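Since every read-out is calculated from the coordinates, none of them should be taken as a lab result. In this text the structure is predicted, and so the values were computed from the model without any measurement. Reconstructed Cβ throughout: ideal geometry from the backbone, glycine too, with neighbour counts over all protein chains shown.
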Amino acid sequence: MSVRIGKKTIELQNRVVIKGFGSVCGAKESKGPLKDFFDISYDDNKFGKETWEEAEGVLQEKAVNIAIEKSKVDKKEIDFILAGDLLDQCVSSMLGVKKLKIPFLGQFGACSTMAQTILVSSLLVESKAARNAIAVTSSHFCSAERQYRFPLDYGGQRTPNAQWTVTGSGAVLLGEGEKIESPYIKRVMAGTIEDFGVTDSSNMGAAMAPSAASTLKYFFKDTQTTPKDYDLIVTGDLGEIGSKLLVELLEKEKINMGGNYNDCGLMIYYKEEQDVHAGGSGCGCSASVLCSCILKKMKKKELNNILFIATGALMSPTSFQQGKSIPGIAHLIQICN
């Protein structure tokens, strides 16, 4: 059974391995730096569907089926699927996974949802409440813009600090495995809500950075480690502004992030050439980056010990229209070979 390390960190005692993973992306993402790592990419972001929400469901459906196929696990042995997206009532997740007929737990952590689904899935498997569980999230630029900002036909201007919502999805299938199997989940940490009073809904990086700093600070303290102990520390997705702020906040705590830190929102696009302003965002951002280049590099042993910290801006269309502040959340997953 899992044990608590320090104040907030949970260390898994039974080995929970990533048996399969899949990544799917849209047209803009397929032209970015990670284009060769995605399992499937599309040129048409509607994927043959009538609505953007249905199109986003296709992303999850494809990512999940790829993860299952790679894992060689029978669908009958998958006990839970934990899925989430940015939309009301997790509608795209429902549309994406309903055909599978696997017990479903909808998740919402904004852009932190991929880490949240992996965290909960890992604990379900580790406790033997599940033989296998799937964690999947997605986002779609067009569905997110319609819900949180304006319909695309409106042609609204984006501020320089805005981030571009990724059209993509990532899924991992987790199950109990032997030591020789890799990668595996070593430790997890659920973050606390941090509110620094940011009210600009375009400046999500600034809203989320304090929560990422808090989570990392407590993790390093709990585990008695430093950033140098990891091959890669990746947040998702603070973008350019939030990443710089995170480094500054941790420097005040005498924690130097060094050269092995990156952010999924900066990895997925050519920032200037693709005109994404401060970088990528959306829970499909960290999910698709993790399930493409990062896990593929771990399978090749190019990375062996990473920290994946997905960050979320906890707002709704109603709350930001009311001018309320935007709290942040950040959950952490340590993945090893």
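A few notes on this one:
- Those aspartates and glutamates that a straight Cα-Cα span of less than 16 Å connects to K128, excepting residues fewer than 8 apart in one chain: E11, E77, D79, E176, E178
- Taking amide hydrogens as placed 1.01 Å from N in the peptide plane, the amide H of L232 sits under 5 Å from those of N305, L307, each at least 5 positions away in sequence or on another chain.
- If a spin label sat at a point 7 angstrom from the Cα of K101 along the line to its beta carbon, the backbone N atoms of the stretch 73-89 nearer than 13 Å would be those of 75-77.
- Additional length obtainable on full extension of the chain from E50 to Q274, 0.36 nm per residue less Cα span: 78.0 nm
- Helical segments meeting 18 Å axial Cα length and Kyte-Doolittle -1.0 threshold in the chain (DSSP H): 52-71, 113-126, 204-223, 239-252
- Candidates A63, A27, A310, ranked by Gaussian network fluctuation over the chain, Cα under 10 Å, top entry: A27
- Among S182, S30, S127: highest mean-square fluctuation, GNM of the chain, C-alpha pairs under 10 Å: S127
- Given charges at Cβ of Lys, Arg, Asp, Glu: the chain dipole, positive-most of S138, A209, F104: F104
- Over the chain: helical MRE at 222 nm, DSSP H runs n ≥ 4 each giving -39500 (n - 2.57), nearest 500: -9000 deg cm²/dmol
- Using distinct alpha-carbon pairs, which all enter the 1/r mean, Kirkwood radius of the chain in Å: 19.3 Å
- Calculated from the alpha-carbon coordinates, the stretch 184-336 shows an Rg and a Dmax of 15.0, 48 Å respectively.
- Flagged links, alpha-carbon separation over 18 Å, of K98/K299; K75/K299; K19/K101; K7/K217; K75/K296: K98/K299; K75/K299; K19/K101; K75/K296
- Each Lys and Arg Cβ is given +1 and each Asp and Glu Cβ -1; about its Cα centre, the chain then shows a dipole of about 1000 debye.
- Neighbour-count order for L124, L173, L238, fewest beta carbons within 10 angstrom listed first: L124, L173, L238
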